[in-house]
Amino acid sequence: MSTIADWSRPHWSCDEASAMLLYFVFGEFGAEPQIDLSAHDSRGLPQGIEMRRIPKAMLAHWDGHPLRGALGGVLRDGNPAAFEVARKAPECLMLRGELPDPASLAYLRDTLGVVAALLDAGGVAVVDPQILEIFSADDWRERYLGDAAGAPRNHVAILCHDGEAGTARIKTRGMRKFARPDISIRRVPQAEVQRAGAVAAQLVELEARGMRFGDGSEITAEGLPKGLTVTRGGSLDDPEFNNTHLEIVWPAV
């Protein structure tokens with residue numbers, strides 16, 4: 001994993017929230033997986049993140065199986081080939097945990113390095129449930145090995161759905177990885193979807209780099225309409241985001 005990738009948080013000030021990471025690595029591993037962390041610029045799992053092995057005998061009865069239920073359906077539709085590879089794998093390693101709002105993204109770099117090393121040691125597929133995606137080993141390496149590994153946009157899903165009265169809604173998933181709220185932009189005119197998506201992408205970058213937006217904060221930039229005001233809401237139990245979120249209503253013309 002390249003050390004050129006940017007893992008800094010220049011806008012950071014401590015928040016009470018915690019960063020939460022969750023990855024499932026499917027494959028066939030030795031009794032003690034032999035992984036080369038040095039090859040992936042990783043110091044190992046950060047404090048608070050643990051690895052748990054789910055053997056094949058337990059997979060059939062595992063309530064937390066990511067390939068089942070509503071999530072499983074989304075993963076199957078998104079990448080059928082990777083889903084099938086994961087389904088046939090004899091075991092799964094779950095990396096999961098939380099840590100207080102970190103001042104740098106080194107915790108993410110180190111965890112990604114462990115995932116990459118596990119793919120070298122018998123892993124065949126990775127599930128990232130926070131962004132509703134499954135990756136083959138090659139897909140994962142293409143996206144997360146290299147200079148772009150530290151780009152927050154690669155770790156967050158930006159989605160567009162039908163909204164109220166013919167408008168669109170832009171929302172994100174995955175910002176809990178950065179101990180920051182997700183983003184919801186409602187009542188976006190169809191003609192403004194691309195611009196609203198760019199706003200969401202910029203907020204992802206700023207939040208991931210540590211910035212915090214308080215209730216009533218206004219989002220301003222050249223070319224944006226006035227009145228893009230943040231309302232903080234939601235909870236970690238909200239199934240739509242599995243996170244709190246920033247609610248923004250696109251101003252009417």
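Read-outs throughout are calculated quantities, based only on the coordinates presented, and are distinct from any laboratory measurement. Since we're looking at a predicted model, the values are computed, not measured. In this analysis, Cβ positions are derived from the backbone assuming ideal geometry, glycine residues included, and neighbour counts consider all displayed protein chains.
Can you work out the Karplus-derived ³J(HN,Hα) for every residue in the range 190-201? Use 6.51 cos²θ - 1.76 cosθ + 1.60 with θ = phi - 60°, whole Hz, and x for glycine or proline.
Going residue by residue, I get 4, 6, 10, 4, 4, 5, 5, x, 5, 4, 4, 5 Hz, with x marking Gly and Pro.
For the range 18-150, what does the alpha-carbon gyration tensor say about shape, rounded, prolate or oblate, given a ≥ b ≥ c as the root eigenvalues, a/c under 1.5 as rounded, and a/b over b/c as prolate?
Details: a/c = 1.43, a/b = 1.38, b/c = 1.04.
Verdict is rounded for the range 18-150.
Can you spot the lysines whose alpha carbon is less than 26 Å from Lys226's alpha carbon? Ignore those fewer than 8 places along the same chain.
Lys171
With only Lys, Arg, Asp and Glu charged, each at its Cβ (+1 for the first two, -1 for the last two), find how big the charge dipole of the chain is about the Cα centre; round to the nearest 20 debye.
That gives the chain a dipole magnitude of about 220 debye.
From zero up to wherever the largest Cα-Cα distance of the range 158-253 sits, split into 5 Å bins and tell me the percent of pairs in each.
Values per bin, smallest distances first: 3, 15, 26, 27, 19, 8, 2, 0.
Summing Lys, Arg as +1 and Asp, Glu as -1, what charge do residues with Cβ under 13 Å from the Cβ of Leu224 carry, Leu224 excluded?
Result for the neighbourhood of Leu224: -1.
Can you tell me the order of 105-114, 69-78, 192-201 when each peptide is scored by its average per-residue count of other Cβ atoms within 10 angstrom, highest first?
Peptide ranking by packing, descending: 105-114, 192-201, 69-78.
Less than 15 Å Cβ to Cβ from Ala39, Lys/Arg counted +1 and Asp/Glu -1: what total charge do the surrounding residues give?
So the environment of Ala39 carries a net charge of -1.
Please list 3J(HN,Hα) in residue order for the range 23-39, calculated via the Karplus relation 6.51 cos²θ - 1.76 cosθ + 1.60 where θ = phi - 60°; whole Hz, with x for glycine and proline.
Karplus-based 3J(HN,Hα) across the range 23-39 equals 9, 10, 10, 8, x, 9, 10, x, 4, 10, x, 8, 10, 9, 5, 4, 6 Hz.
Could you go through the range 82-95 in sequence order and give the Karplus-derived ³J(HN,Hα) for each residue, using 6.51 cos²θ - 1.76 cosθ + 1.60 with θ = phi - 60°, rounded to whole Hz, and x for Gly and Pro?
Computed from phi, the couplings for the range 82-95 are 5, 4, 5, 4, 5, 4, 7, 5, x, 7, 9, 10, 9, 9 Hz.
Given charges of +1 on the Cβ of Lys and Arg and -1 on the Cβ of Asp and Glu, with all other atoms neutral, how large is the dipole of the range 154-249 about its Cα centre, in debye to the nearest 20?
Charge dipole of the range 154-249: 200 debye, to the nearest 20.
Taking amide H atoms as placed 1.01 Å from N in the peptide plane, list the residues 5 or more away in sequence, or in a different chain, whose amide H sits under 5 Å from that of Glu133.
Asp128
Going highest first, how would you order 6-15, 215-224, 163-172 by mean Cβ packing within 10 Å?
Going from most to least packed, we get 163-172, 6-15, 215-224.
Let me spell out the model: positive unit charges on the Cβ of Lys and Arg, negative unit charges on the Cβ of Asp and Glu, origin at the Cα centre of the range 94-223. What dipole size does that give, in debye rounded to 20?
Dipole about the Cα centre, nearest 20: 200 debye.
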